[in-house]
Amino acid sequence: MPHFLIDCSESIFKLHSEEQIIDQVHFAAKSTELFNENDIKVRVNSFKKYSTGNKIEDFIHVFANIMEGRSNKQKADLSKKIVKGLISLFPLVPNIGANIIEFEVANYCNKNML
């Protein structure tokens, strides 16, 4: 925890590698000081076929899944840092976004909790 799931068009890898994208999102998450660096998990899902509105334009969207308890300001700062970092790598990609999704402590479970 947290989990950062990156959906993107496959063609952006011509500009930067998956590893560079993962590193950028990891760096942005770490820079907020909201998470223990060893807990940050980042994954990439790329798509060959997709639609952005009624066009085919490159895109990157990060779904940040974090444990509840952060303020709206902290969550907004996290999404802004992610987007700014990705824009620095991909200034010509027209669609870059991020959103924060919270896990509820009451219904979260992982292997170590059993």
Problem - Selected residue (only one of SER9, SER46, SER17 is small (Gly, Ala, Ser), out of contact with any Gly (no Cβ under 7 Å at 6 or more places or on another chain) and surrounded by fewer than 15 Cβ atoms within 10 Å (Cβ to Cβ)) - result: SER17
Completion exercise
The condition of being surrounded by 12 or more Cβ atoms within 10 Å (Cβ to Cβ), under 11 Å from the mean Cα position of the chain (by Cα) and of a type in the set (D, E, K, R) holds, among LYS30, LYS75, LYS41, only for LYS41
Handout entry: Qualifying position, being over 15 Å from the mean Cα position of the chain (by Cα) and not hydrophobic (A, V, I, L, M, F, W, C), among GLU68, GLU102
Key = GLU68
Practice task
Select the strands (runs of 3 or more DSSP E) contained entirely in the range 10-105, then report the ones holding at least 2 residues which are of a type in the set (Gly, Ala, Ser).
Solution key: 95-103
Completion exercise
Matching residues in the range 92-114 (surrounded by 10 or more Cβ atoms within 10 Å (Cβ to Cβ) and of a type outside the set (A, V, I, L, M, F, W, C)) number 6
Exercise for the section: Hey, can you tell me all the residues within the range 89-113 that are under 20 Å from GLU33 (Cβ atoms) and in contact (Cβ under 8 Å) with a residue 60 or more places away in the chain? Expected result: PHE103
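A short reminder: the numbers here are calculations on the coordinates, not readings from a lab. Everything numeric here is computed off the predicted structure, so don't read it as measured data. Every residue, glycine as well, gets a Cβ built from its backbone with ideal geometry; the counts of neighbours run over all protein chains shown.
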